[in-house]
Amino acid sequence: MQDVAERIGREAARRHYAPQVLPADAFAPLAASLPEQPAVVWVASTTGQGDPPDNMKQLWRLLLRKSLPADALAGVRAAVFGLGDSG
């Protein structure tokens, strides 16, 4: 999974973005800056029946909070890659 995230980071740099490749729990304290980000790509290894990994749960709770204005992320271009277990 880390390899996938790093490859996406390299591709973003080639396209003149300034990527940061971070684990989700390291990004959670920076979540307030999310509306200013031009693009965000999350790469997550799912568990069980597609459940988010433990290190992404805090970030997910921040994004789902009721106090978040409905248009807070309107300008953010985002993608999520959920990489599951083939077993």
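The values are calculated or read from the model by the stated rules, or taken from the named source; none is laboratory data. Please read these numbers as outputs of a predicted model, since none were measured by experiment. Positions of Cβ are generated from backbone atoms using ideal geometry, with glycine treated the same way; all protein chains shown enter the neighbour counts. For the accessible areas, the whole protein counts, side chains as well, though only heavy atoms, and no ligand, DNA or RNA atoms are used. Shrake-Rupley method; radii C 1.70, N 1.55, O 1.52, S 1.80 Å.
Here are the numbers:
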{"item": "Inter-label distance for Y17 and K66, nm, one decimal - labels placed 7 Å from Cα along Cα-to-Cβ", "result": "3.3 nm"}
{"item": "Sequence of E36, E11 from largest to smallest accessible area, 1.4 Å probe", "result": "E36, E11"}
{"item": "Normalised contact order of the chain, rounded percent, pairs of Cα under 8 Å and 6 or more residues apart", "result": "36 percent"}
{"item": "Dipole magnitude (debye, nearest 20) for the chain, charges at Cβ of Lys, Arg, Asp, Glu", "result": "240 debye"}
{"item": "The chain: C-alpha pair distances exceeding 17 Å, %", "result": "52 percent"}
{"item": "Loop trypsin sites (Lys or Arg not before Pro), the chain (other Cβ atoms within 10 Å of the site Cβ: 14 or fewer; DSSP)", "result": "R15, R65, K66"}
{"item": "Residue-normalised accessible area of the stretch 14-87, given per residue in Å² at a 1.4 Å probe", "result": "75 Å²"}
{"item": "Efficiency of FRET between A31 and V4 - r from beta-carbon atoms, R0 30 angstrom, step 0.05", "result": "0.90"}
{"item": "Surface share of carbon and sulfur [accessible, 1.4 angstrom probe, percent] for the chain", "result": "53 percent"}
